[in-house]
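Written out below as structure tokens is the structure these notes cover.
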Amino acid sequence: MDYIPHVIADIGSNTIRLGRAGECNPVINTPSQVGILQSSSDPLIGSEELNQYHEGLKMKQIVDQDSYISDYDIFAQILEKARNKDVSIGAFLTEPAQQRKENRAKLVEQIFEKLSFEQMFIAKAPVLSSFSVGCTTSLVFDSGENNTYAVPVHDGYISQSTIQKSKVAGNVISENVKKFLTNQAFEIDPISILEADNYDLKELNLAKKDIHESVYAFHIERMVKKIKHDLLECSIEPISKRDPSYEFESKTYSLPDGKSFTVKGEQFKIPEIFFISDSSSSEEQKEPKDADAEMQADDQYNQKLDGFNGFQGLVQKAINASEMDIRRDLYKNILCTGGTTLLKNFEERLIRDIEEVAPQNYTVNFIKKRNTSFGTGDMLYSSFIGASILSSLSSFKHMWFTKQEYAEHGPNHIEKKCP
Ligand SMILES: Nc1ncnc2c1ncn2[C@@H]1O[C@H](COP(=O)(O)OP(=O)(O)OP(=O)(O)O)[C@@H](O)[C@H]1O
Ligand SMILES: [Mg+2]
């Protein structure tokens, strides 16, 4: 082994991915909510544990909506679990494109003071995603749970002034799935879901009061996400361009407890919000088309979002903020990552809409990751994979921020070591 053995943590507001250097998949892929039991100081982590019933369980979110760690003590405990005790002497952490200085300093203190690692490194997630596909220059489009970023990476670096961030991400369509279910008077019942998943529980005859409200909300959210992943689909052509008389087929969806509901086009209409621009939706509002009632019904899922010009607008703005001479390269090397880009037909629709706003003589091309050996997991793990590759290079040995440097210069020295 020619590299320093270390643990990698890729932190998101929906999921935290932890694993070891040189591996292409995380060993732990856990929701960013952990379970807290009164009877134990050890937090419960990972979907397998959290999808079970535990008496007296409460949930705690440990990463906030900007993907910043909000509970450093629990995060340290999780990192410790992933650490290969005998060998891991380093910690490699990812961070969002925009990060606060004080968050980095806090992380540094945890790593050296609390967890006694010998060295650490923090790198920007989009740079790592770009490395994961062997590119040093690309436009990284990352849509996760609470954040969507369009970030130009140039020669392995990010210029802060070019970053575009939006709060329109997976969570927005989850909310619209909930809205749809409420309109249908369909209620997700976490107790019957739990019982269906773990059938021996039926004997316990659970009641709502036996389950803490945070656990209740966790299971509702888990089911909403499952519905979203299984059912939603991007329409390759904008829905507004379809013939108003177009009839969507009905589709019935069943939850694990056997309860079911029917959609009729909503699976396409809900994700449409990602591609609707502030300007086009306001025009539509000024001049409502002679639309039928069904098209009018779209509006409830596609509210006008101030200043949001669709994901295509976000990409366009990020590229326009970059130096003129790299814009062509950026349009040619767009990398989609983050869970929300796993929606069916997402890339096909996004490329179509970017082509509409890109300069006419420019080629728009997405970097195809599905051809790599990592399979589809790479959309969720691209920054983890990039971290794993980068930190395993023998030349990386000299890049670490060491405990000795920390002792000499203090936590803010991280700014010099990991710019
Ligand atoms: N197959 C899928 N289809 C649609 N959405 C999906 C799919 N898989 C995951 N998602 C959604 O992706 C989001 C999570 O993505 P990801 O793990 O990249 O987020 P994160 O990095 O934890 O969050 P953030 O970057 O916003 O802090 C969730 O909203 C989830 O429902
Ligand atoms: Mg993320």
- Query: Measuring from the lowest to the highest alpha carbon on each principal axis, how far does segment 1-72 reach, largest first, in angstroms?
  - Reply: 46, 25, 19
- Task: Enumerate by residue number the GluC sites (Glu not before Pro) in segment 232-269 meeting two conditions: DSSP loop (anything except H, G, I, E, B), and at most 14 other Cβ atoms within 10 Å of the site's Cβ.
- Result: GLU247, GLU249
- Item | Cα-Cα over 27 Å, subset of LYS58/LYS178; LYS317/LYS368; LYS317/LYS416; LYS209/LYS344 | LYS317/LYS416; LYS209/LYS344
- Item | Net length gained if the chain between LYS167 and GLU48 were fully extended (0.36 nm per residue, minus Cα distance) | 39.9 nm
- Task: From zero up to wherever the largest Cα-Cα distance of the chain sits, split into 20 Å bins and tell me the percent of pairs in each.
- Result: 25, 53, 21, 1
- Item | In segment 175-209, GluC sites (Glu not before Pro) in a DSSP loop with at most 14 other beta-carbon atoms within 10 Å | GLU187
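Let me spell out the model: positive unit charges on the Cβ of Lys and Arg, negative unit charges on the Cβ of Asp and Glu, origin at the Cα centre of the chain. What dipole size does that give, in debye rounded to 20?
For the chain, the charge dipole is close to 840 debye.
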- Given Cα pairs under 8 Å that are at least 6 residues apart, what percent is the relative contact order of the chain? 22 percent
- Query: So, counting K/R as plus one and D/E as minus one, what does the shell of residues with Cβ under 10 Å around TYR253 add up to?
  - Reply: +2
- Message: As a test of the formula, what do you get for the chain when each DSSP H run with n ≥ 4 contributes -39,500 (n - 2.57) and the sum is divided by the residue count, at 222 nm and rounded to the nearest 500 deg cm²/dmol?
- Response: -10500 deg cm²/dmol
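Readers should treat all values here as calculations from the given coordinates under stated rules, not as data from a laboratory. From a predicted model like this one, the values you see are computed outputs, not experimental measurements. Cβ atoms come from the backbone with ideal geometry, glycine included; neighbour counts cover every protein chain shown.
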